[in-house]
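Working notes for the structure below.
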Amino acid sequence: MIAASATIIADIRLRFFRPLPSKIIIGSFIRDQHGGRTNTLLAQVLPLIRMNKQGHARSPARLSHLLLLRCRCRARHNHWGKNQRRLNKTKQRHQKNARWAGEPIHHRLLKQRLIQKNRHRAHVASNTGDLKTGGRMITDMTSGQKITEYFILRRKDFRTKKDNNETYLSVELGDASGRIFGSVWGTAVDIEPLLKVGQLVKVKATVIDWHGRPFLSINKIRPVNDGDGVSLEHFIPRSKKAPEKLFDEFTALANKVENEPLKRLLQHIINDEHMVASLKRAPAGKLWHHCYLGGLLEHSINVAHLALSIAEHYPSINRDLLLTGALVHDIGKIVEYNWDGLVDFSDVGRLHGHICIGYALLACLIDTIQDFPASLRNELLHLVLSHQGKQEHGSPVPPMTREAFVLSYADDIDSKLAAFDRIHESEMEPGKKWSSYVKLLDRFLYFGQDSSQQ
């Protein structure tokens, strides 16, 4: 057991994600009546940019991607009178744009077009990421639209049409907002060898309705090239909360644990920079719930809060044990999944599963802590082994302690409600009350009377 555990720890060390530098472009310009350039006031922009620990810039989530803050043209004041009517109309048009609400804008700035469409745009990655550079997201697509967009290729396979035996290429595409299926006819045999799962592709297609869902009838598809100027990072879904904020909340919950051995265990995790880097990025699932970057921390925090709420009503529950189990019950997922491109299983993740990996990881960590009680070790590891409730759901053993029962139900509640929200968001349409059939739950889901307004 010791040798096997050491092997897994070594594999974990090799697998931990190391953050890549993020790119930031600041600045755009406008032109005055003489054709000269007036730069943005970087003195007003730079104080809004915060730096993370690696020295990479990140901006507040609400900072506009166009950093034109109170810019003023240098053209003289007395040239505008003869064009007052035109300037007033332009001013009214721009004031309707919420981006400028509350910002004083000089009338000379409004004389010129602020910026040519899709040119000279400064994209600043916010904490949640500028998830797709331009264009419409999958969740915004409706039947009848003709699109030319970039996607990540999630799946591809040849299929045969039943009525005439014609072969076509079926693909599953994705972006930061969701997934969509499509088919390629005619050129499918020629284009398929050029397409690799996990790469970015450029697609020209028509959106059609297929069994009540948007579907792409693809005219052209090709891999992206350097000239397209798109990055894979922009197409990977991520939590709406900043990773630093999530980790701070995780740390605050860990600091509530008073039991000394459990406290040392959690501090060991929090102080391991490689483990922390993976915790901040890891998803909690591939397709079902919290299947995006940062999803593991978000899910663990939610489960911890639910578990503590239940524990308040039952004094017999070991609060420190339950809280520790809630925070680390899915820790094996930092090894189970790869997330550099598509979220998918790693080799060891598919072979062992996150429960076995988490058990081995925590067992090794506990063995490094001096005087860790054997009974406490057994009960904590039982929480990890039993948190999915039933053997048919993946747990080697069912819950057998108070804390295990609470953790199992808290985990189930958060995963199902997160899945409900994901389905609602992906299928939300004006006037739609019901979801399509959800096979995993064996039922339809009711969204309510005004689902599109929720």
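Quick look at the numbers
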{"item": "Whole-angstrom gap from region 187-208 to region 222-294, using each part's C-alpha centre", "result": "31"}
{"item": "Translational diffusion of region 243-421, µm² s⁻¹ [Kirkwood Rh, Cα pairs; Stokes-Einstein; 20 °C; 1.002 mPa s]", "result": "133"}
{"item": "Local net charge near Glu249, Cβ-Cβ under 13 Å (Lys/Arg +1, Asp/Glu -1)", "result": "+1"}
{"item": "Paired Rg and Dmax values of region 359-454, which use every Cα atom, in angstrom", "result": "19.2, 61"}
{"item": "Over region 306-386, volume per residue of the alpha carbon convex hull, in Å³", "result": "108"}
{"item": "Calculated P(r) tail over 13 Å for region 383-430, as whole % of Cα pairs", "result": "58"}
{"item": "Solvent-free Debye scattering, log10 I(q)/I(0), computed from the Cα coordinates of region 138-235 at q = 0.14 Å⁻¹", "result": "-0.49"}
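Read the figures in this text as sums done on the coordinates, not as results from a lab. Since the model is a prediction, treat every value here as computed from it, not as a measurement. Using ideal geometry, Cβ is built from the backbone for each residue, glycine included, and neighbour counts are taken over all protein chains shown.
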